[in-house]
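The values are calculated or read from the model by the stated rules, or taken from the named source; none is laboratory data. Everything numeric in this text was worked out from a predicted model, so none of it was measured. Reconstructed Cβ throughout: ideal geometry from the backbone, glycine too, with neighbour counts over all protein chains shown.
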Amino acid sequence: MSTHGAAAAAQRPGRGTWIGRFRAWLGGSYAPYIFLLSWFLAFAAFMAYPIGYALWLSFYSWRGVGPPEPVGLENYVYVLTDVSTFWLSIGNSAYLWAAIVPAQTFGGLILAVVVNGARLRGRGLFRTTFFLPGVISLVVIGVVARIMFERSNGVVNAFLEAVGISPIGWLEDTDWSKPTFALISLWRYTGYTMVLMLAGLQNISIELYEAARVDGAGTVRSFVHITVPLMRRIILFCLIIGTIGCFQMFAEPYLITQGGPQNSSLTAGLYLFNQMGNARLGRASATTFLLLAVMLAVSLLMLRVGRDTSEAKS
Amino acid sequence: MGAPVIRRRALLQSIASVGAVSVIGALAACAPAPTPTPPPPTKAPAPAAPAPTQAPAAAPKPAAPTAAPTAAPKPAAPTAAPTAAPKPTVAAQAPAKAPGEAIVWAPVGTDHYMKAAGKEFMARNPNIKLTFDAPGGIINKYATALTAGVDLPDVSFLFDTHVPIYYQGLWDLTTLIKPYAKDMIAFKLQIVTVQGKTYSVPWDTGPCVMYYRRDICAKAGVDPEKILTYDDLLAAGQKVKEATGGKSRLLNLEQSPVTATNWVEMFASQDGVSLFNRENKYQIKTPEFTRALNYLETVRKSDLGIRRTWNTPAYFKAFLDGEVVFHPYASWWANFVPPNLKELNGQFGAVKLPAFVKGGGTSANMGGSTWAIAQKAKNRENGWAYLEFAMLTKEGWLAQLRAEGSAGVLPSYIPAYDDPFFERPVEFFGGQKLWKLWMEVAKSLPSTVWFPPFWSEANGIIGNHFQAMFDGKKTVEQVQNDSAAELKQKIKEAVI
């Protein structure tokens, strides 16, 4: 409590009663606590309770109606031993992560550097154009992608055929479905990543680049030795957000292939949805916490690998 | 002794904890609890046949959700149709006593049927106002509403396969529907009956026929009326392929796993075998399924199949471009085709499904849906009155069938078929009397059709193995063994 606050509190009536002492102890006003309490109530209602309830439910078998039946760890055992679907979905998500996240992050960084260039004409137009896919509805993207990538009549294959390449089963072939989703995601999210990177780039002092130039550093060296180290935190943030996005990817496979062909595009997020769709709510809850564990482990690993050792030492 | 010191941070934490606990407690009180089954209706509806003025009551008191429907006599309405069904019911004729309402969730594709019947119902029951809503993702929304027990519609669409999952939240209609049981297509009532109790009113059935492109068959010199066996069909497919220079194929080997499961089952169910029998035993290794799978494998190997996903632009374009000529499918296919293939008006025809052996079964079912009333619905008696009229009277059904855009929705209520309506030609199908064909198949559907409570899960699993076979990555034997092994591992209720 500040001195000013204490003095003000001391002047208020009721100073000698226990209510007055309590109020003074709080700093002279209930208002901050009432404001904070509303947040805690909302948090408890819409975050803590659902999470707690889902955790409780993960130990029950429940189809949404009727009494839940306790099953112990059965839901966790089921999911962990479901090699042909759950682990396949984790593998698919890992594949998508490898194909999307590094390219999206570093692609976004390079795009940001390019559109941040002072000499580039029409910077605003480029920035808007690259960012635009990020604001298009996923439903629209899903419908259009399904038409564009269709094997027999899709425009992508029509283009390939025009240049003498055989049609590809983008969405029908188990080998091609994941690369197709990677392409769609890169197209949609690289521009979004670029905007995040751009915000970071604009916080780097121009004097650093000027000093480097005086010392004889070229564009590439400046990028490697100034931009990348100073963008470390933003890069790390983008990597973690991208990782979570990959494991939670749902709308694209749901709208375009429903996880097919033969579960080749079944992501972890879609697996979770399917459990709910099958009215296996306990199993879906268990899947949620297992996915949380996976994402937490990957994110912690990234934080560990990407930590700033110089800051840690100081 | 000094006063105990409470640190401000500790107090804040305490406030937060108390707040959280109180909110959790309050919400927990709203959490779904074991729901006791409400007492069954105290009185069975009076049989309609001997006394046309008697019927199950149509929602006398919307305020009492647990009130049992009564069988109070009602005066016959002067608007009773003179061409009524053999056993006219009072719901069709008598206005409800008390004013009330009912909310009906009818998804797009079903809404025009339900609204047409609703209009007729409200004309006869001016005291009951029906409100129709067509929410997207209706099954998930309904499941959520059933779980929460709030914002429930009084009547909702469900697929037959969902009834065994959600039955504990649905109103037990056993007593109400009993007088009509003998007039229903038998399996339709059985698949919405769980542990001896009926939880919904069957709507349509899915009699399957074989659709074909008239123009391409004529060009290839193929007479579909002469295709009596699947061997004949294979020969016709070769002929069509040759006549079109390899452009046209025989069948679409369905690309969607879920739809493929239903589609493959259609072939085996012609001979009375479903994927699961009533003991939930998996039937994939029966001779009927082996024969069906071998046939489809032959189609693939002979390069007579295309691969498209049901109800997608590519699917309809394949028909438009003549890439596929024959399409064994359910009656409700006719609901989807005219709006998507206007250019082919008059170019489709239909015949009965071929048999696997001469004289073998040609009737199969695919899909089907039902209408349920939630146990906790506010106006469930009104909902029942409406469903009774719409689904269990001839007048209700004729109102649906005459709705604009009506096609391929075949009643589960047999007396509804006793009408000249089923003789009418269907313009889109070249003036063919398609309703009559569908009706003939519907009336002879095998009674062995069965969906176990785990159907939706099993469907996805099995469908993926079928997909692998259609892609040439698995043999018939591998599909049978692998799907059985996966079901055994994942669905403990399935008998393998």
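The residue list B:K490, B:K443 contains one member that is within 10 Å of chain A (Cβ to nearest Cβ), surrounded by fewer than 21 Cβ atoms within 10 Å (Cβ to Cβ) and over 29 Å from B:D303 (Cα atoms), which is B:K490. If you check A:R304, A:R283 for being surrounded by 23 or more Cβ atoms within 10 Å (Cβ to Cβ), among the charged types (D, E, K, R) and either under 17 Å from B:E457 (Cα atoms) or away from every other protein chain (no Cβ under 11 Å) (or both), only one passes: A:R283.
May I ask you to verify whether B:T298 is surrounded by fewer than 22 Cβ atoms within 10 Å (Cβ to Cβ), in contact (Cβ under 8 Å) with a residue 12 or more places away in the chain, away from every other protein chain (no Cβ under 14 Å) and over 23 Å from B:P425 (Cα atoms)? Criteria met by B:T298. Condition test on A:G66, is it over 26 Å from A:M249 (Cβ atoms), among the small types (G, A, S) and within 11 Å of another protein chain (Cβ to nearest Cβ)? Considered against the rule, which asks whether it is over 26 Å from A:M249 (Cβ atoms), among the small types (G, A, S) and within 11 Å of another protein chain (Cβ to nearest Cβ), A:G66 comes out as yes. Any residue at all in segment A:113-126 that's aromatic (F, W, Y) and either more than 13 Å from chain B (Cβ to nearest Cβ) or part of a loop (DSSP other than H, G, I, E, B) (or both)? Scanning segment A:113-126 turns up at least one residue that is aromatic (F, W, Y) and either more than 13 Å from chain B (Cβ to nearest Cβ) or part of a loop (DSSP other than H, G, I, E, B) (or both).
Residues that are free of Cβ contacts under 8 Å to residues at least 40 places away in the same chain and part of a helix (DSSP H, G or I) within segment A:130-146 comprise A:V135, A:V140, A:V144, listed in sequence order. Number of residues in segment A:16-42 that are within 8 Å of another protein chain (Cβ to nearest Cβ) and either assigned to a helix (DSSP H, G or I) or at negative phi (or both) equals 7.
Among the numbered conditions (1) at pLDDT 95 or above; (2) over 24 Å from B:H327 (Cα atoms); (3) surrounded by 22 or more Cβ atoms within 10 Å (Cβ to Cβ), the only one that B:V192 does not meet is (1). Could you please let me know if B:T312 is away from chain A (no Cβ under 14 Å) and not hydrophobic (A, V, I, L, M, F, W, C)? No, not satisfied.
Within segment B:411-441, take every residue that is in contact with a Pro (Cβ under 6 Å, 6 or more places away or on another chain) and of a type in the set (A, V, I, L, M, F, W, C) and give me the one that is nearest to B:L353 (Cα to Cα). Step by step, filter segment B:411-441, then rank; the result is B:V441. Answer with yes or no whether A:G52 is at the interface with chain B (Cβ under 10 Å from one of its Cβ atoms) and on the phi > 0 side of the Ramachandran plot. Here the answer is no, as A:G52 does not meet what is asked. Here is a check on your reading of the model: is A:A94 aliphatic (A, V, I, L, M), in contact with a helix residue (DSSP H, G or I) (Cβ under 7 Å, 6 or more places away or on another chain) and either surrounded by 12 or more Cβ atoms within 10 Å (Cβ to Cβ) or at pLDDT 95 or above (or both)? Against the criterion (aliphatic (A, V, I, L, M), in contact with a helix residue (DSSP H, G or I) (Cβ under 7 Å, 6 or more places away or on another chain) and either surrounded by 12 or more Cβ atoms within 10 Å (Cβ to Cβ) or at pLDDT 95 or above (or both)), A:A94 does not qualify. For segment B:464-475, the set of residues classified as more than 9 Å from every other protein chain (Cβ to nearest Cβ) and closer than 27 Å to B:P207 by Cβ consists of B:F466, B:M469, B:F470, listed by residue number.
In the set (1) more than 14 Å from chain A (Cβ to nearest Cβ); (2) within 27 Å of A:R146 (Cα to Cα); (3) not basic (K, R), the condition left unmet by B:E288 is number (2). Scanning segment B:280-309 for residues that are of a type outside the set (D, E, K, R) and part of a loop (DSSP other than H, G, I, E, B) yields B:N280, B:Q283, B:I284, B:T286, B:S302, B:L304, B:T309.
Across segment B:121-168, the qualifying residues are those that are of a type in the set (V, I, T) and in a strand (DSSP E or B), and the one among them that is surrounded by the fewest Cβ atoms within 10 Å (Cβ to Cβ) is B:T131. Just the residues that are assigned to a helix (DSSP H, G or I), among the acidic types (D, E) and either without any contact (Cβ under 8 Å) to a residue 24 or more places away in the chain or not assigned by TED's automatic domain parsing to the domain that holds B:T161 (or both), please, taken from segment B:171-227. Within segment B:171-227, B:D215, B:E225 meet the criteria.
In segment A:43-88, the qualifying residues are those that are among the small types (G, A, S) and assigned to a helix (DSSP H, G or I), and the one that is farthest from B:P164 (Cα to Cα) is A:A44.
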